[in-house]
Amino acid sequence: MKKSRIVTGLSVAAFSLLLAACGSSGGSDSDSSEDSGKVTKITVATGNDALPYAYLDENGKYDGYDVAVVKAIDKKLKDYSFTFEGSDFPTTLSNLESNKAQMAAYEYEVNDERKEKFVYGDVGYVVWDTYISYDPDKGETYNTFDDLKGKKVYVTTSTNQAAMAENYLKDHPDAFTLVYGEYSNEQIVQALTSGAVDATLAPKYQIDNYNKTFDVHLKIGDKPVHNSDAYLLFNKKTDTKLIEEVNKALKELKEDGTIKKLSEKYLDGDYVPKD
């Protein structure tokens, strides 16, 4: 009987310790993932066919500048695990709005419509000064929106470039015609070189990429028609702690030169904002 009581006492003690352990591992919503040992999975909306920003490589893996930036952030944030959800540009925004994704990385500039729907990150990670681009072999030169009178301009639905052109047309009705298409390098270059459109809107390094990739000779206007940087986007329901952690990690990655190296690798130059 005495032996039996000793065994029973040990069992109760062990059971109590087991309950305590279970209680500590479960935690509450306010517990950090570091304390609980859990890793929070985050879905990141991005592109799947937009060199050099976000695309699928020959092995079907996500790659590109925006993807590499997120992967660098992922390495720093041990409490989170990031996976990608690729699509065309408009769909990335709808995926973010519907909370199918909690974060998005696809060269997003700031505009009023997006500010109403989403939360912007604090750290710009690429300069996105917009120029008018055209094929000089067609015999025309375009530096400003005023130069595009009577012309056809290629834009992608839901982009900031489309929004700025649409805003110009509000003040200058019928100044030019917008031709909406996909955010596809090949399709944009084909439209310009074939004469289907007269111009498009893009940053300098995107046009440099077109020229190198497709062996064409597109040009840009003398000055940008809009100055901007690109930022990460978040769903408004996304945990504020994650947003703060991502902002902090991206700032550190800019300061230690990591983002510059990624820009030089994917964009063939240092296009990182200096702020």
Per-residue ³J(HN,Hα) for the stretch 70-80, Karplus 6.51 cos²θ - 1.76 cosθ + 1.60, θ = phi - 60°, Hz, x for Gly and Pro: 5, 5, 5, 5, 4, 5, 7, 9, 6, 8, 10
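How big is the antiparallel share of DSSP beta bridges in the chain, given as a percent to the nearest 5? If you can, show how the numbers build up before the last one.
Working: 18 of 35 bridges.
Bridges in the chain are about 50 percent antiparallel.
Calculate the all-directions average of the projected area of the stretch 192-275's alpha-carbon convex hull, and give it in nm².
Average of the hull's projected areas for the stretch 192-275 equals 7.9 nm².
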Tail beyond 26 Å, pair distance distribution of the chain (Cα, percent): 50 percent
Within a Gaussian network of the chain (alpha carbon springs, distance under 10 Å), most fluctuating of 47, 257, 86: 257
Nearest 10 degrees, 0 to 90: helix 240-255 Cα axis against the chain principal axis: 60 degrees
Accessible-area composition of the stretch 201-270, carbon plus sulfur, in percent [1.4 Å probe]: 46 percent
Of 70, 96, 110, farthest towards positive along the dipole that unit charges on Lys, Arg, Asp, Glu beta carbons give the stretch 64-125: 70
Built amide H within the under 5 Å cut-off of residue 103, gap 5+: 43, 45, 235
Hydrodynamic radius (Kirkwood) for the stretch 133-196, which is based on Cα pairs only, to one decimal in Å: 12.3 Å
Top positive-direction residue, dipole computed over the chain with Cβ charges, set 234, 42, 200: 42
Quarter of Cα convex hull surface for the stretch 129-253, i.e. mean projection, nm²: 9.4 nm²
Qualifying lysines (Cα of each under 17 Å from Cα of residue 152; at least 8 residues distant if same chain): 138, 170, 219
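At a Förster radius of 35 Å, what calculated FRET efficiency corresponds to the Cβ-Cβ distance of residue 91 and residue 146, to the nearest 0.05? Walk me through the intermediate numbers first.
Working: r = 33 Å, r/R0 = 0.96.
Here the calculated transfer efficiency is 0.55.
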Rounded to 10°, Cα long-axis angle of helix 204-214 versus longest principal axis of the chain: 80 degrees
Nearby lysines by direct alpha-carbon distance to residue 261 (threshold 19 angstrom, same-chain neighbours under 8 apart not counted): 71, 75, 76, 204, 248, 251, 274
Percent accessible area from carbon and sulfur atoms, the stretch 133-188, protein chains only, probe 1.4 Å: 43 percent
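Tell me, what is the FRET efficiency for residue 40 and residue 116 to the nearest 0.05, using R0 = 25 angstrom and their Cβ-Cβ distance as r?
Details: r = 27 Å, r/R0 = 1.06.
Once rounded, the FRET efficiency stands at 0.40.
Could you check how much of the accessible area of the stretch 71-121 is carbon and sulfur, as a whole percent, using a 1.4 Å probe? Don't jump to the answer; show the numbers that get you there.
Numbers: 1040 of 2330 Å².
C and S fraction of accessible area: 45 percent.
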Part-to-part distance (alpha-carbon centres) for the stretch 183-213 and the stretch 100-117, which is given in Å: 24 Å
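Kindly provide the helix-only [θ] at 222 nm of the chain, computed as the sum of -39,500 (n - 2.57) over DSSP H runs of four or more divided by all residues, to the nearest 500 deg cm²/dmol?
Helix-only estimate at 222 nm: -13000 deg cm²/dmol.
What does the accessible area per residue of the chain come to in Å², with a 1.4 Å probe and no ligands, DNA or RNA counted? Each step should come with its number before you reach the end.
Numbers: 14610 Å² over 275 residues.
With all protein chains present, the chain gives 53 Å² per residue.
The values are calculated or read from the model by the stated rules, or taken from the named source; none is laboratory data. For clarity, every value in this text was computed on a predicted model and none was experimentally measured. Counting neighbours? That spans all protein chains shown, and the Cβs are built from the backbone with ideal geometry, glycine included. With ligands, DNA and RNA removed, areas are computed over all heavy atoms of the protein, side chains included. Shrake-Rupley method; radii C 1.70, N 1.55, O 1.52, S 1.80 Å.
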